[in-house]
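Engineer: Dropping the structure in here first, questions after.
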Amino acid sequence: MIENEIRHLDLGGLYGIIIMVFQVTPTPYGGSMDRRYSRKIQCALAVVLTGVCLSACGEGEQVSYLKQGMDAVEALEYDEALNCFASAKEAGEDEQLVYRGMGLSYMGMTQYSDAVTYLEAALHSGGGRVEDIDFDINYYLATAYYKNGQLQDASNAYSAILALRPKEKDAFYLRGCVKLAQDDFEGAQADFNEAVALDGKNYDQMIRIYMALEEYGYKDAGLIYLQNALTENEKSISDYDMGRICYYMGDYENARSHLSNLKTATEYGAALYLGRTYEALGDYNYASTIYAQYTENDQTKAEIYNQLGLCKMQMGEYDAALAAFQAAMNIEDNGMMQTLKFNEIVTYEYKHDYKTAATLMSSYLRSYPDDATAKREYEFLQTR
């Protein structure tokens, strides 16, 4: 039996200042590939590149070991990164950034206990004054705590951020997610309310709150946030935001009505959500048409190609699905390579090319060893 998990989101790279978000990944199931969704919260790192003391060097100049290490982290070459950071430490380069880099490397290797050790060391290596880099490290450290099962420590890390930056809405949201994992619904709701109070028109945040609450069995509570967003901003909300909120509320007809007012051939968000709306309505052919039309004007959006591939799989057009996933993988810095590689493997399984699927899965697990579903799938592939 093929145990597939077609994916929409990726963990991305580990480089620079981060905004942490708990992503919920929609996952069609089984050979029938129906639209039942298994949702699991992942701690994803949305990355914003910065120039944090990691200057690139021109040709002929000596490149710092720190720079080489961070380049290796971004390339998912974590052993090489650790070697570079060890050399950076011996060369007397910035100790705080060295420990930070080591922590990120161990996070990438899913060795979260080691990640905690080095990220804590990075915090303690600061000069005494609280700088932006300390907030950056605290966000990473909170994630490492969470992934290591240290939920209270993760909550405390967000609390430390909020003690110094009481209007840090992302910290409120993330602490709320941790409280959900601690079975503290009231505490989570209080933190979510604080996040909303700080930015009541942040519809991305409203959607994330809904998805987190739904994951833990509080869908009705999550729907209240979405409904409030519509009610309180009825006169100012755009067709795009109205459409995608209706999409998450399961009101696909209204979602279609609002999103159809937009230029889906050239507007990325409109194409993505209108296509997903038609997918939810079971019209994969029309959804794929929306995605294909968009790619005629813009070949840089990996998520559009991924959705196109998912539609083609639903339609049994596996070669076309492969072409879509592979086109997305060829986009530089696409931000969802893990998702695309997994979906490519599943497509080969549907083509009954188990040898290619097994080879690709072996390579995949070297890059993403923390993927339990992939490990189970690899065991299955080895029996074919």
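Engineer: Take the residues of region 128-148 that are outside any helix (DSSP H, G or I) and touching a residue at least 24 places away in the same chain (Cβ under 8 Å): which is farthest from the chain's Cα centre (by Cα)?
Structural biologist: Only one residue tops the list, namely V130.
Engineer: For K201, work out the one condition from (1) more than 25 Å from I161 (Cα to Cα); (2) modelled with pLDDT under 95 it doesn't fulfil.
Structural biologist: (1)
Engineer: Can you tell me which residue among T300, T359, T339, T347 is β-branched (V, I, T), under 30 Å from Y78 (Cα atoms), touching a residue at least 24 places away in the same chain (Cβ under 8 Å) and loosely packed, with under 15 Cβ neighbours inside 10 Å? Show your work before the answer.
Structural biologist: Details: T359 fails: touching a residue at least 24 places away in the same chain (Cβ under 8 Å); T339 fails: loosely packed, with under 15 Cβ neighbours inside 10 Å; T347 fails: loosely packed, with under 15 Cβ neighbours inside 10 Å.
Among T300, T359, T339, T347, only T300 is β-branched (V, I, T), under 30 Å from Y78 (Cα atoms), touching a residue at least 24 places away in the same chain (Cβ under 8 Å) and loosely packed, with under 15 Cβ neighbours inside 10 Å.
Engineer: Considering every residue within region 291-308, establish whether at least one is touching a Gly at 6+ places or on another chain (Cβ under 6 Å), among the aromatic types (F, W, Y) and not in a loop (DSSP other than H, G, I, E, B).
Structural biologist: Taking every residue of region 291-308 in turn, at least one turns out to be touching a Gly at 6+ places or on another chain (Cβ under 6 Å), among the aromatic types (F, W, Y) and not in a loop (DSSP other than H, G, I, E, B).
Engineer: Which of the helices (runs of 4 or more DSSP H) found entirely inside region 168-282 contain at least 2 residues meeting this: surrounded by fewer than 18 Cβ atoms within 10 Å (Cβ to Cβ) and touching a Cys at 6+ places or on another chain (Cβ under 6 Å)? Spell out the reasoning first.
Structural biologist: On the way: elements: 169-181, 185-198, 203-215, 219-232, 239-248, 252-259, 268-280.
Filter on region 168-282 gives an empty set.
Engineer: A further question follows. Can you tell me how many residues in region 223-236 are within 26 Å of the chain's Cα centre (by Cα) and among the β-branched types (V, I, T)?
Structural biologist: Here the count works out to 1.
Engineer: I would also like to ask the following. For K89, all conditions in the list (1) in a helix (DSSP H, G or I); (2) of a type outside the set (A, V, I, L, M, F, W, C); (3) closer than 18 Å to A154 by Cβ; (4) out of contact with any strand residue (DSSP E or B) (no Cβ under 9 Å at 6 or more places or on another chain) hold save one; what is the number of the exception?
Structural biologist: Of the numbered conditions (1) in a helix (DSSP H, G or I); (2) of a type outside the set (A, V, I, L, M, F, W, C); (3) closer than 18 Å to A154 by Cβ; (4) out of contact with any strand residue (DSSP E or B) (no Cβ under 9 Å at 6 or more places or on another chain), the odd one out for K89 is (3).
The values are calculated or read from the model by the stated rules, or taken from the named source; none is laboratory data. Bear in mind that the values here come from a model prediction, so they are computed numbers and not experimental data. Using ideal geometry, Cβ is built from the backbone for each residue, glycine included, and neighbour counts are taken over all protein chains shown.
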